[in-house]
Every structure is written in structure tokens, then in C-alpha cells.
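A short worksheet on the structure shown next.
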Amino acid sequence: MKSKKNHKRLRDLGFYLGNSLIGLVFVSPLLWMVAASFKPELAIFSNINSIRTFIPEHFSLANYIEVFRRLNIPQILGNTFSYIAIVLLGDLLFGSMCGYALAKLDFRGRGPILTLVIALMSMPVEAILLPLYIEVSRFGLGNTLPGLALPFMMNCFSIYMFYSYFLDIPDELIEAARIDGCGEIRCYFRIVLPLAKTVLATVFILDFVARWNDFMWPFLITTGEDKRTVQLAIQTFFGTQPIHYGSIMAALTLASVPMLLIYIFMQKYYVEGIASTGIKG
Amino acid sequence: MRAAANCGRGGNSLSGVILSAPAVFLLFLFLIVPILGTIYFSFFTYQVMRPDNILFNGFRNYQKLFRDRNFWAALRNSVYFTLLVVPFQCALALGLALLVHSRRRGVSIFRTMYFSPQLTSMVVIAILWVILYNSNASTGLINALLQHFHIGPIDFLNDPKTAMNSIIFMSAWQGAGYQMMIFLAGLNGIPAEQYEAASADGANRLEQFWYITLPGLKNTIKYVFMITLIQAMKLFTQPYIMTKGGPQNRTKTLVYFIYEQGFQKGNFGYACSVAAIFFLIVVTMSLLVKKLTRTN
């Protein structure tokens, strides 16, 4: 009996020790980034070969002040959030409408649309960026917010997420609303959409993260400094003189805050969202 | 089949069309049209600087492509990255998932630790690692660490031998947490009774892993493998920020080559033919994986 208890203790110890050591490999680069962002420029590399490099001994906010002075943060954040808001509007509203129609309504063209949506779900967008760029420019939308956002307002993956969610909603519920004389489109907004909160939250987060992280399309379509998103702004900041590593680290840390907030406040939906893509796929 | 699929579906035809119209319109405009555009322009000589002079040239772009050493080098780089990063990252993710598949107190802290590189963007990570990978042991954190073990200094990103491997290691480190979450959901789907039964039959942990965990995760593994594969073939951001495709073009991937030809050199038609081939390769790869995993 006693040896069994000891055995369990040993395994607990292994669990905590092993996870802590491997966990350090994953967090230490990020901890170093945050620590460096609070150090005076000269102190960043001064004790790099000691563990003290992870502690800002002479705590300073100078790097953050420099970032706010050199970058137009309200404008950059404004661009990024407008971009994400337009994309989300399309994806949540039009995507759920289409997913519902495909799952629950019979109409001409339903079959081909569904086939197309599934076939193009894993289409790599990198293969169509060149004509997309020409198309958006021809519409006169090069270097504009609509030009940035419109091409990503709709994606097949979201439609499929909504479609498979609505498939599982019992028909009786919708039938009842129909008998009550509720029109099909009103019925969608009054009955169906309120039922879809979890899938709406999932698509919201997956979209938010994808657009927040997106680099290549904003990089191609925005030529002007005033239309830059967060990712573009830090990429250009990294290559702009004077190169101060402290302020670069501060910019990187600042750019990580929104995702951290999303994770803290919507962790359940975020993690379940990632997991659900695996179960559906 | 068709009748069964329609069973229970009702509503009039018009509302279905109205509800799906905005989505279909947007997909047509920004997905179908560009797909057709890629194929169409791949048969033309189209210089961005000379939009008045777009000439049909048949298969000339494709002929040029097959003789272009830079194209083959880019393809080789993309395939090399994919062949190494996919097994490494998937195995790492599965290992991490097994480590944190536990009900012990504080396990969510470890999950968050492994997931933390996902909480910031690839651009942030790439810039950070350019600094971490610095070849000088007095400024690069990794070389400073290796110095304690009397290794290096290694010029990670400027040595043609190590540049791509350095990007592979960083990408797996950044991405594994995501796939770990998918694996965790898969592990939670395996009934505990199966382990209890096996344990009662005297199966050790390795046998349990081999005969219960792996078969139970079959679909999850397939899915994770697939998304990692497609993601790997699209590699662009890391080499663009960290190496600009160098040293000696060792990190110039297919997507990088498309960008370089289309946007930097303005060979639009030629770049479209590369994009079409890229698309074909990704589709073929994913179909191949689907087929291979089905027979097993």
C-alpha cells in the first residue's frame, strides 16, 4: 500500500518537473521579449549569458514611449480593427445565412453551392493572390480599407461550420415557427440565429485570429503608411532606422496584447473552436 | 440518396436563394474569379509595367517554368520544409498533448505555456527569433545558451546549411501548441473504460499507447497531418522576415518565388503559371495523403 502511494508521488513529481522544464522552452523566448522591452537599450544584451537576462533590473518605460512617439498607434489599431470588423460582419452574417439555407432550405443551386463550398474549403489563398490584387486594384480599391477587407469577407470554411451546426438543429423547431406564420427570413433572424451563439463565437474567434495574424495580403495591397495593419507596422518598424532593440521588443510585446486578451476572456470558445475544427474535419 | 438528403428540409425556394445570395456573390467575386484569373493569365505574357501589351503565348510560361532552375530550387525548398516540419511538429504536438492530458491540479498552466507562442503572431515570432538567433554569443540568447555547453557560435540564419532548419525549428515551436489543443480534444474522446480494461488485462503504458491511444486518435492524426501539410507548403512570412529568401536562396519557397516573380519583377503571367502549379501540388498532396491514410 505504502509503495503504491510512493509510486503515485513519484509520478506526480515527474509530471510537474517534466512539464515545467519543457514549458520553459516554450515561454522563455516570450519572457525574454517582455523583459527586454522594459530594459534600457544598453542593458538588453549586457548579461545575456546569465539567468538575470530575464529580469529587467533597471526597469524603464522609455522603449514604450519611443514606440508611441514613432508609430501612430491609434491609426494602426483603427485600421486593423476596421479590417477585422468588416470581415467579421460578412462572415458571421452572410456566412450563417448561407449555412442555414444550405442546411435547412431547398432551393435551386443548393447542391452545386454545397459542393463548391466543400471543395474550396482548403484552397490556399496564396495561389490566387496575383489576380486578386489586379481585380481589387481595377475596382479602384488598392490601398483602401475595403480593398483590404472585402476579399476575406466570406470564406468557405465558416459557411461549412455554420452548415454542419444547423444540420443538427431539429426541424420541428423551425417547423413550429413556420406554422406560427413566421416568414422564412424573419424565422432565421428570430429563431435560428439566437440558437447559434456557440458557433458564432467560434467563427468569430477563428476569424479574428486569422485576420489579426494575416501578413501577406495586407503587405501586398496596402502601399501607404496610413493604411497599415499591426503586423505590417511592426514589420516595417523592425527595418526602420534607428534600430533600437528595446523599442522593437516593446512593439512586439504591444502587438501581442490583443490576442492575449482574447485568450484570457474567451479561452473556452477559442480552445473549443480549435478543437471543433479537428472533430469536424 | 438525394431524397434522403432533402428529407425534412422545407421552406420555399426564394428565401433559400435570398439567404445564400450575398455569400455566393462574394465567393464568386473574390474566389472563383481569381481562381479563373490565375489559370487564364498563366497562358499570357503579362508584364505589370506594360498592361497595354498582354499577349497569349500558349504553354510558353509552363515550358519556361520547367527549365527554370530557380523554380525547381523553390519547389525543393518548400518540399524540404514540409517533409521535415510536418512529422516534427505533429509528433511534438502529440507528445505535448500526452504530457498535459491529465486531471492534476495546475495542468491548465502547462497547457497555456505550450500554447503561448500561438498567442502572438508569426510576424512577432519571426522578428523575435531573428534577434534570438543572432550569431554573436554576446547578443544572441540561443548562442549564449549554447556557449555554456561549449557549442557554436552558430550563424543560424546566415549559414546556408542551417538557415532552413532554423526556420523549421522555430515554426514547429510556434505551431505545436495549436495542434496540441486538437490532439487534447481527440484524447478526451477516447473512453476511459478502454484504458481500465487494458490495464486490468495487464497492458503496460506503452502497449496502451500503441493499442488504444493511437487507434483512437486515427482521425485526429489524419486531420492534424493534413492541416500542417497544407500550412507548410504555404510558407512565406518566416523567410520573408528572417532571411529574405537567402542565404544562397536556400529559404526561397514556392510562395516566395510567386511573390518575387509577380510583385517584385512584374512577370505577372509567369507568376500565375507558378501559382497554378503550386495549387496543383497542394491539391495532389492532400489527395495523396487522404488516399494513403484511407487504405491503412
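Descriptive notes on the structure:
- Condition met for B:Ser121 (under 20 Å from A:Ser256 (Cα atoms), at the interface with another protein chain (Cβ under 8 Å from one of its Cβ atoms) and hydroxyl-bearing (Ser, Thr, Tyr)): yes
- Helices (runs of 4 or more DSSP H) within the range A:52-109 that include 3 or more residues under 21 Å from A:Asn213 (Cβ atoms): A:73-89
- Of all residues in the range A:121-146, those satisfying the criterion of being of a type in the set (D, E, K, R) and closer than 21 Å to A:Gly224 by Cα are A:Glu135, A:Arg138.
- Odd one out for A:Val25 among (1) surrounded by 15 or more Cβ atoms within 10 Å (Cβ to Cβ); (2) at the interface with chain B (Cβ under 10 Å from one of its Cβ atoms); (3) more than 20 Å from A:Gln241 (Cα to Cα); (4) at pLDDT below 95: (1)
- Taking the criterion of being surrounded by fewer than 22 Cβ atoms within 10 Å (Cβ to Cβ) and modelled with pLDDT under 90, the residues of the range A:143-175 that qualify are A:Asp168, A:Ile169, A:Pro170, A:Asp171, A:Glu172, A:Leu173, A:Glu175.
- A:Phe45 being surrounded by 14 or more Cβ atoms within 10 Å (Cβ to Cβ) and not polar (S, T, N, Q): yes
- The residue of the range A:239-255 that is nearest to the chain's Cα centre (by Cα), among those that are facing another protein chain (nearest Cβ under 9 Å) and buried (at least 20 other Cβ atoms within 10 Å of the Cβ), is A:Ala255.
Each row is one residue, and each column tells you yes or no for (1) facing chain B (nearest Cβ under 9 Å); (2) modelled with pLDDT under 90; (3) surrounded by fewer than 20 Cβ atoms within 10 Å (Cβ to Cβ).
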{"position": "A:Ala177", "(1), (2), (3)": "no, yes, yes"}
{"position": "A:Cys182", "(1), (2), (3)": "no, yes, yes"}
{"position": "A:Arg186", "(1), (2), (3)": "no, yes, yes"}
{"position": "A:Arg190", "(1), (2), (3)": "no, yes, yes"}
{"position": "A:Pro194", "(1), (2), (3)": "no, yes, yes"}
{"position": "A:Trp212", "(1), (2), (3)": "yes, no, no"}
{"position": "A:Met216", "(1), (2), (3)": "yes, no, yes"}
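- When we screen A:Leu31, A:Leu17 for residues that are farther than 14 Å from A:Ala250 by Cα and part of a helix (DSSP H, G or I), the only hit is A:Leu17.
- Assessment of the range B:93-112 against the conditions (of a type in the set (Ser, Thr, Tyr) and touching a residue at least 24 places away in the same chain (Cβ under 8 Å)) yields no matching residue.
- Single residue of the range B:96-110 satisfying the filter (surrounded by 17 or more Cβ atoms within 10 Å (Cβ to Cβ) and more than 8 Å from chain A (Cβ to nearest Cβ)) that is modelled with the highest pLDDT: B:Ala97
Matching residues to (1) in contact (Cβ under 8 Å) with a residue 12 or more places away in the chain; (2) under 19 Å from A:Thr236 (Cβ atoms); (3) of a type in the set (S, T, N, Q):
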residue	(1), (2), (3)
A:Val67	yes, yes, no
A:Gly78	no, yes, no
A:Ile84	yes, no, no
A:Val87	yes, no, no
A:Phe94	yes, no, no
A:Cys98	yes, no, no
A:Gly109	no, no, no
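- Taken together, the residues in the range B:132-175 that are in contact (Cβ under 8 Å) with a residue 24 or more places away in the chain and either more than 27 Å from B:Phe115 (Cα to Cα) or touching a strand residue (DSSP E or B) at 6+ places or on another chain (Cβ under 9 Å) (or both) amount to 3.
- Selected residue (only one of A:Ile84, A:Ile51 is of a type in the set (Val, Ile, Thr) and either facing chain B (nearest Cβ under 9 Å) or more than 30 Å from A:Ala196 (Cβ to Cβ) (or both)): A:Ile51
- Total residues in the range A:134-151, condition touching a residue at least 40 places away in the same chain (Cβ under 8 Å) and at the interface with chain B (Cβ under 8 Å from one of its Cβ atoms): 2
- Looking only at the range A:28-48, and only at residues there that are hydrophobic (A, V, I, L, M, F, W, C) and at the interface with chain B (Cβ under 9 Å from one of its Cβ atoms), the one that is nearest to A:Leu260 (Cα to Cα): A:Leu30
- Scanning the range B:175-214 for residues that are acidic (Asp, Glu) and part of a helix (DSSP H, G or I) yields B:Glu193, B:Glu196, B:Glu207.
- Of all residues in the range A:119-134, none satisfies being assigned to a helix (DSSP H, G or I), of a type in the set (Val, Ile, Thr) and either out of contact with any helix residue (DSSP H, G or I) (no Cβ under 9 Å at 6 or more places or on another chain) or buried (at least 22 other Cβ atoms within 10 Å of the Cβ) (or both).
- A residue that is in contact with a helix residue (DSSP H, G or I) (Cβ under 6 Å, 6 or more places away or on another chain) and more than 10 Å from chain A (Cβ to nearest Cβ) occurs somewhere in the range B:155-162.
- The one condition in (1) modelled with pLDDT under 90; (2) under 30 Å from A:Ala250 (Cα atoms) that A:Asn63 fails to fulfil: (1)
The values are calculated or read from the model by the stated rules, or taken from the named source; none is laboratory data. Given the structure is predicted, the values throughout are model-derived calculations rather than measurements. Glycine also receives a Cβ, built like all others from the backbone with ideal geometry; neighbour counts cover every protein chain displayed.
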